[in-house]
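Working notes, beginning with the structure itself.
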Amino acid sequence: MNMAALRYSKRVCLRIGGITLELAAVAPDMRIALGRDLGRFRVMEQDCDIHCTTEWADSIETDTAKPLFETGSLWRLLPHGYSGMKFEFATPALGREPYRTAEVDADVSRVKIKLNRKYFSHETEQRPLEYPLDELLFIHRLVREGCGVEVHACGLVDKDSKGRLFIGHSGAGKSTTSRLWEAQGAFVLSDDRIILRMEKGELKMYGTPWHGDAKQSASASANVHAIYLLEQAPHNRLSRMSPAETAIETFARSFLPFHGHAGIHAALTFLDTAFANVPAYRFEFLPDYSAVEHATRV
């Protein structure tokens, strides 16, 4: 297959966390592409869960509606239509107008992306799903389905084919953990963000393109054999956690649409049942190879 056709296709599909997204350009003069990280998750064209179209806008006015959520920097979320929502992206580095918007229906199944022509028309190819929009769409679709959550975690499959999930806030040691285990023959799904889903009664973890400092991500999945809550310490120690405690700690390290109670309720419902059959441990660890040996005791 012609590599240029792959890169500049007018329609591309990708699959992350068991959810498939289609991206198509409306304007005949728009070349769309995926970045290198998203490109690893590209799949052949197929029926998709999320249908995104992208088009040019000669200008985009700032929405005057009251925001549902505002980051204070790059993007904000606003109501749109009867029950939809709109992501608005702006930065003083480009200008006063938003440089991109994404109008999303209530089911997170239809998305219309608009690119402000004055900021993008000089580029030979466009990446409408450029971070953080890609992640935001998948986060909202997950909780809309009530089928899973994205968590701040390193996920890997060790040399004995056991899936191990290491949960932690920024700085807890996820990237360090992924490097240590990879050096011991493990396959890393992601060093920073993992999607969790229940499938046929088993807790499953999926790699995502939104990696951390180790820049490790893979379009793959595995059943979870054990869960570890990372805490750096001057020793290695495992302490068993209850399913309820695991759910609480995981919730605190999840990426959720905190602007709406429905999304929070869906995530809590999922986490309430996800850890019933998976052992979980608070893992105080030394950031060296002794931690790998200690964790494999369970």
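The values are calculated or read from the model by the stated rules, or taken from the named source; none is laboratory data. Here the structure is a predicted model, which is why all the values come from computation and not from measurement. When we count neighbours, we look across all protein chains shown, and the Cβ atoms used for this are built from the backbone with ideal geometry, even at glycine.
Residues in the stretch 238-287 that are among the aromatic types (Phe, Trp, Tyr) and in contact with a His (Cβ under 9 Å, 6 or more places away or on another chain): PHE255, PHE283, PHE285.
Do we find a residue being under 30 Å from PRO287 (Cβ atoms) and assigned to a strand (DSSP E or B) anywhere in the stretch 126-135? Scanning the stretch 126-135, I find no residue that is under 30 Å from PRO287 (Cβ atoms) and assigned to a strand (DSSP E or B), so the answer is no.
The single residue among SER59, SER121, SER83, SER109 that is more than 26 Å from GLY212 (Cα to Cα), under 19 Å from the mean Cα position of the chain (by Cα) and surrounded by fewer than 17 Cβ atoms within 10 Å (Cβ to Cβ) turns out to be SER109.
Select from the stretch 199-208 the residues that are at pLDDT below 95 and either within 24 Å of LEU137 (Cα to Cα) or buried (at least 20 other Cβ atoms within 10 Å of the Cβ) (or both) and list them in ascending order. Once the filter is applied, which keeps residues that are at pLDDT below 95 and either within 24 Å of LEU137 (Cα to Cα) or buried (at least 20 other Cβ atoms within 10 Å of the Cβ) (or both), the stretch 199-208 yields only GLU199.
When the stretch 229-245 is filtered for residues that are surrounded by 13 or more Cβ atoms within 10 Å (Cβ to Cβ), farther than 20 Å from HIS294 by Cα and in contact with a helix residue (DSSP H, G or I) (Cβ under 9 Å, 6 or more places away or on another chain), only PRO243 remains. Looking for whichever is free of Cβ contacts under 8 Å to residues at least 40 places away in the same chain and in contact with a Ser or Thr (Cβ under 6 Å, 6 or more places away or on another chain) here; the options are ASP191, ASP107. Which one fits? Exactly one of ASP191, ASP107 is free of Cβ contacts under 8 Å to residues at least 40 places away in the same chain and in contact with a Ser or Thr (Cβ under 6 Å, 6 or more places away or on another chain), namely ASP191.
Let's see how each residue does on (1) among the small types (Gly, Ala, Ser); (2) in the same structural domain as THR20 (by TED's automatic domain parsing); (3) more than 22 Å from ASP134 (Cα to Cα):
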{"residue": "LEU196", "(1), (2), (3)": "no, no, no"}
{"residue": "TRP210", "(1), (2), (3)": "no, no, no"}
{"residue": "ALA226", "(1), (2), (3)": "yes, no, yes"}
{"residue": "GLN232", "(1), (2), (3)": "no, no, yes"}
{"residue": "GLU245", "(1), (2), (3)": "no, no, yes"}
{"residue": "GLY263", "(1), (2), (3)": "yes, no, no"}
{"residue": "ALA274", "(1), (2), (3)": "yes, no, yes"}
{"residue": "ALA291", "(1), (2), (3)": "yes, no, yes"}
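Are any of the residues in the stretch 64-74 within 17 Å of LYS10 (Cα to Cα) and of a type in the set (A, V, I, L, M)? No, the stretch 64-74 contains no residue that is within 17 Å of LYS10 (Cα to Cα) and of a type in the set (A, V, I, L, M).
The set of residues in the stretch 29-51 that are of a type in the set (Lys, Arg) and in contact with a strand residue (DSSP E or B) (Cβ under 8 Å, 6 or more places away or on another chain) comprises ARG31, ARG40, ARG42.
Per the conditions (1) surrounded by 13 or more Cβ atoms within 10 Å (Cβ to Cβ); (2) over 21 Å from the mean Cα position of the chain (by Cα), the sole criterion not satisfied by ALA65 is (1). In the stretch 179-195, the residue that is surrounded by the fewest Cβ atoms within 10 Å (Cβ to Cβ) out of those that are among the aliphatic types (A, V, I, L, M) and not in a loop (DSSP other than H, G, I, E, B) is ALA183. Candidates are the residues of the stretch 83-99 that are out of contact with any Ser or Thr (no Cβ under 8 Å at 6 or more places or on another chain) and assigned to a strand (DSSP E or B); the one that is nearest to THR62 (Cα to Cα) is MET85. Within the stretch 196-211, the set of residues being part of a loop (DSSP other than H, G, I, E, B) and more than 19 Å from the chain's Cα centre (by Cα) comprises LYS200, GLY201. For first residues located in the stretch 254-281 and more than 13 Å from LEU142 (Cα to Cα), partners that are exposed (fewer than 13 other Cβ atoms within 10 Å of the Cβ) and lie 6+ apart or on another chain with Cβ distances below 6 Å form the pairs TYR281/ARG240. Considering LEU34, LEU23, LEU14, the condition of being touching a helix residue (DSSP H, G or I) at 6+ places or on another chain (Cβ under 7 Å), outside the structural domain of HIS211 (by TED's automatic domain parsing), among the hydrophobic types (A, V, I, L, M, F, W, C) and surrounded by 16 or more Cβ atoms within 10 Å (Cβ to Cβ) is satisfied by LEU14 alone. Within the stretch 37-47, track down each residue that is hydrophobic (A, V, I, L, M, F, W, C) and surrounded by fewer than 18 Cβ atoms within 10 Å (Cβ to Cβ). If the condition is that a residue be hydrophobic (A, V, I, L, M, F, W, C) and surrounded by fewer than 18 Cβ atoms within 10 Å (Cβ to Cβ), then VAL43, MET44 are the ones that fit.
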